Amino acid sequence: MPPEPADSAMACDLPAIARRWGNDPANLVQILRNVQESCGVVPSETLDQLARLVGVARVRLEATASFYSFFHADSHGAYEVLFSDNIIDRHAGKAELMQYLCERLWVEPGKVSEDGLVYVDETSDIGLADLAPAMLVNGLAVPSLDKARIDLLAELIRSRKPLAHWPAMLFEVPDNVRRAGPLLGEPFEPGAALASMLSIGAEETLARIEASGLRGRGGAGYPTAAKWASCRKAVGDAHCVVCNADEGEPGTFKDRVLLASHADLVIEGMTVCARVIGARRGLIYLRGEYRNLLPALGRTLERRRAAGLLGTDILGARGFDFDIAIHLGAGAYICGEESALIESLEGKPGKPRNRPPFPDRCGYRGQPTVVNNVETFACAARIAERGAARFAGMGTPQSTGTKLISVSGDCARPGVYEVPFGVTVREVLAECGAKHAHAVQVSGPSGTCVSFQEFERRIAFEDLASAGAFMVFSRERDMFEVARNFTHFFAHESCGFCTPCRVGTSLLRNIMDKLAAGKGSPYDMQEMKRIMCVLRDMAHCGLGHTAANPVVQTMQKFPEAYERRLKKLEFEPAFDLDDALETARLITGRDDEWAHLAAD
Amino acid sequence: MSAGTFTLDGRAIPFEEGQTILDAAAAAGVDIPHLCHLPGLAPHGSCKLCTVSIGGRLGAACTNRAAAGMTVESETAELNAHRLTLVQMLFVEGNHFCPSCEKSGACRLQETARRLGMTTPHFTHFFPARDLDASHPDVVLERNRCILCELCVRASRDVDGKNVFAIGGRGIRARLIVNSASGRLADTALSANDRAVEVCPTGAILRKRVGFAVPIGRRPYDRHDIALSLPTRRGEGAGGG
Amino acid sequence: MGKLKVATCSLAGCFGCHMSLLDIDEKLFDLLELVELDRSPLTDIKHCGPCEIGLVEGGVCNAENVHVLKEFRSNCRTLVAVGACAITGGIPAMRNNIDLWDCFQEVYHYGIGLEGGQIPNDRELPLPFDKVRPLNEVVRIDHFLPGCPPSAEAIWKFLTDLAAGREPRLDYEMLHYD
């Protein structure tokens, strides 16, 4: 049952919230989340009181509170409706449905309705591309939107029905597992991997992980055993295991499925890791958009504690103490970057750190920390449970095992596919029923745009490295608009720390908008190339390095999508000259021919 | 005591254990362009001006430590072209009008742009709407000129022990915020003698009543021999000499 | 060889750059050996014909500025933005974050010494833009000569470079933004 909707009348007990999180400034993001959820806002006055409660300067709280999209100082009404704004949602009719809802509710996007009841806006991809278009209502996911659902939502909102009494079917999110392999398809007995590890020992377990060839599933493909071994050796008082469940890459949703239906596997992988590196503390950083998964995950942790699979002396092994807390994100894609994630776990704005040192030596609270993707931990549990041989025998020599692919877009069967590494794009397309595919965006906006001429390429670290997204675009889709959507995404999600990304992503977005408005010329193409080079070479982290990829790659692979828009040979202003006179016309009441500037 | 040498644009640079490439180069009298670094404050690595090629890999000279035998390239045509682009980005991001700025002639942003040969900010200006805060009796905060280098943030936190400043917001909407419920500088613990007031590389934080005191021709960067990497000194922060 | 045709104008500027041009002093005689002035406040020619070089001072703040700038762009082979206002919008652009309505109110209603003021609406008055723009945000600009104003030496160096067919280049000492 979904929790009560935010109600600004509800008392906001700051001391109780702070106490729940140990009055610890490192838990600030969590404290602010609780404030936001129970008060519906994070009011400016709150910051002073919180600053006293946790003992840090107010300005640092304000820095954190103003960094995350889901915190706001102004009320968003009793119902906050955020439409997911991935290109997949757009292709599925998001814009029309959003307009329809706004009309039904008499509200403008981005503004609270006059009666203070409802706020409608958009947000970055929410991890439901297989069920697009989708939205968050007071932070809870509502998938598979259509007119009928919008009608129902409008009715529920207008009748001010508390969210807890909304039909549960609105919040049902099916897993859509279309193909299961050894990871998803076989039963898992909670504790099996731990028992197996305890019987062979931590060292031998690490050797198993190494022999399996397991590489990080977040996309970078760093060998898991090497990361664990390095952290195990690192000197520290409080080693830590962090599960990166900030699945923010647009088009990716396989971690959602793992956490919804295979949480034991993930948690057990973390517990195995804890034993290997000698950690007593574990953290799951769950993206804020997956708030709906929180209650069940909490229950799973409880159940495992009761079963002796978490807590002290796990499975009776003396000194095997490990427990896990869940931290929720608050709407910031950059927190998927591991050092930004750690900053966020420490209550700060999610800005990537300077590296080295890497987290394996200096991570959470300065302690040696392993940060792995959800899927990596699930794989690790399977390897600990069943040995390395079967895993190593699947996939390709450099990319062993299976990969969860999140398929969305123009295909008959969107969902999660567990495929052996080395599978070709064409094979995945055939399996998901994509008959007229023209392009596939592999691994999301920061990944690779694969054109129809390259469908023999393989999903594998040595060819198309992937965090899992697989967005299918058919012939009638405009790849320029795909790239433009991604460019907006990066500009919105840039943390603002470094110059090239902070300014460059916004400049790129503006030029793409200029092209879309029919004001583009070859000059603008040169401009974009110049910005791209600086992003690639000078940016602080992966977000900046890859932020221009969608434009670079679509320019190269679908040049006609751009050429079509370069209507001008000579430079054109980005702004409309006549529009720029509108204010003066209104003030002077003039509308004569001299009060206008004609387009050339 | 030197821990060895590395090569910077073909020149051998000695360094001490733990020293960054930027600091070692500065100690040897070689200037690598930068805006967000000052000796004595924790390295930050955000402006990216000091990006150099370290054995073929690009990295910030202010955060990467020198190591014996490493080959560093800084004064290459490509890197300087990138640096020029970064400075131009900073100019269009804020509202920088040198002719009316008290800091002109003592401004590290302006001077860096001159050294990189900038003749135009080039990109489309954002002309952002930013607040000017003149509430403090002795210091003015002109956010239009802020380049988000966080020197004041670090100086106030680590040297003055006051935490007067921080960066709020995200991305292109990031902005300098101050430690008071009113949002006014006057309601913070800032004093005119704070290190945080001195370190601003632009005219964003200025002491009052000393603007334009030094005539054109005698301002710090009118004297062509001044090194960019020298720490900002007392008086310079407000356009004095 | 014939003289180079040069046109000059000041848009949203203060004519300070033109004054600096005159500050070339006795070199003006040398300059006039090289160039012939077309449209310019110095000649009072109202429209420009085909020119080799156009020098534009000031940013774009109103509709008339756009007409003039476009005339220069279509007639001048090489168009130079001269001075801080032409390059960044300069001092006039400091109004960019003041609401235009507030500007009008201040100028015509509430300014010191004003009583019963009215906002003029004559057709002859060019309408102001909501924001003042540098030249390169309205048309393509070939070269930028910064300074407020650029010094006479800088202008001389720049023009002689251009006249000699060289890429104009200001070295560090001549490069100023104020």
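Of the residues screened, A:GLU527 is one that is free of Cβ contacts under 8 Å to residues at least 24 places away in the same chain and either surrounded by fewer than 15 Cβ atoms within 10 Å (Cβ to Cβ) or within 14 Å of chain C (Cβ to nearest Cβ) (or both).
Residues of the range A:243-256 include at least one that is over 15 Å from A:GLY468 (Cβ atoms) and either β-branched (Val, Ile, Thr) or under 19 Å from the mean Cα position of the chain (by Cα) (or both).
Could you list, in sequence order, the residues of the range A:590-600 that are at the interface with another protein chain (Cβ under 7 Å from one of its Cβ atoms) and without any contact (Cβ under 8 Å) to a residue 12 or more places away in the chain? Residues satisfying the conditions are A:ARG590, A:ASP592, A:TRP594.
Take the conditions (1) within 14 Å of chain B (Cβ to nearest Cβ); (2) touching a residue at least 40 places away in the same chain (Cβ under 8 Å); C:LEU31 misses just one of them, which is (1). Of everything in the range A:532-589 that is aliphatic (A, V, I, L, M), without any contact (Cβ under 8 Å) to a residue 60 or more places away in the chain and facing chain C (nearest Cβ under 9 Å), the residue that is surrounded by the fewest Cβ atoms within 10 Å (Cβ to Cβ) is A:LEU586. Scan the range B:98-116 for residues that are facing chain C (nearest Cβ under 8 Å) and touching an Asp or Glu at 6+ places or on another chain (Cβ under 9 Å) and jot them down. B:CYS98, B:PRO99, B:SER100, B:CYS101, B:SER104, B:GLY105, B:GLN110, B:ARG115 - these are the residues of the range B:98-116 that are facing chain C (nearest Cβ under 8 Å) and touching an Asp or Glu at 6+ places or on another chain (Cβ under 9 Å).
Report yes if some residue within the range A:293-313 is outside any helix (DSSP H, G or I), under 30 Å from A:THR64 (Cα atoms) and of a type outside the set (Phe, Trp, Tyr); otherwise report no. No. Can you name the residue in the range C:101-135 that is within 13 Å of chain B (Cβ to nearest Cβ) and surrounded by fewer than 23 Cβ atoms within 10 Å (Cβ to Cβ) and, of all such residues, is modelled with the lowest pLDDT? Per the stated criteria, the residue is C:ASP102.
Answer yes or no as to whether B:ALA67 is modelled with pLDDT of 95 or more, among the hydrophobic types (A, V, I, L, M, F, W, C) and surrounded by fewer than 20 Cβ atoms within 10 Å (Cβ to Cβ). Considered against the rule, which asks whether it is modelled with pLDDT of 95 or more, among the hydrophobic types (A, V, I, L, M, F, W, C) and surrounded by fewer than 20 Cβ atoms within 10 Å (Cβ to Cβ), B:ALA67 comes out as yes.
Of the residues making up the range A:73-91, those that are part of a loop (DSSP other than H, G, I, E, B) and in contact with a strand residue (DSSP E or B) (Cβ under 9 Å, 6 or more places away or on another chain) number 7. Among residues of the range A:275-288 that are under 10 Å from A:PHE322 (Cβ atoms), those with a beta-carbon under 7 Å from a residue that is of a type in the set (Phe, Trp, Tyr) and modelled with pLDDT of 95 or more at least six positions away or on a different chain give the pairs A:ARG275/A:PHE320; A:ALA279/A:PHE322; A:ARG280/A:PHE322; A:GLY282/A:PHE322. Condition check for B:GLY40 on (1) in contact (Cβ under 8 Å) with a residue 40 or more places away in the chain; (2) in contact with a strand residue (DSSP E or B) (Cβ under 6 Å, 6 or more places away or on another chain): one failure, at (2).
Rundown of residues vs (1) under 17 Å from A:HIS436 (Cβ atoms); (2) under 21 Å from the mean Cα position of the chain (by Cα); (3) among the aromatic types (Phe, Trp, Tyr), yes/no style:
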residue: A:THR448; (1), (2), (3): no, yes, no
residue: A:GLU454; (1), (2), (3): yes, no, no
residue: A:PHE470; (1), (2), (3): yes, yes, yes
residue: A:ARG477; (1), (2), (3): yes, no, no
residue: A:VAL482; (1), (2), (3): yes, yes, no
residue: A:GLU493; (1), (2), (3): no, yes, no
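The test for being under 20 Å from C:PHE144 (Cα atoms), outside any helix (DSSP H, G or I), without any contact (Cβ under 8 Å) to a residue 40 or more places away in the chain and within 12 Å of another protein chain (Cβ to nearest Cβ) does not hold for B:THR85. I'd like to check something: does the range A:41-51 contain any residue that is hydroxyl-bearing (Ser, Thr, Tyr) and touching a residue at least 60 places away in the same chain (Cβ under 8 Å)? No, the range A:41-51 contains no residue that is hydroxyl-bearing (Ser, Thr, Tyr) and touching a residue at least 60 places away in the same chain (Cβ under 8 Å).
The values are calculated or read from the model by the stated rules, or taken from the named source; none is laboratory data. Everything numeric in this text was worked out from a predicted model, so none of it was measured. Cβ coordinates were reconstructed from backbone atoms using ideal geometry, including for glycine residues, and neighbour counts include every protein chain displayed.
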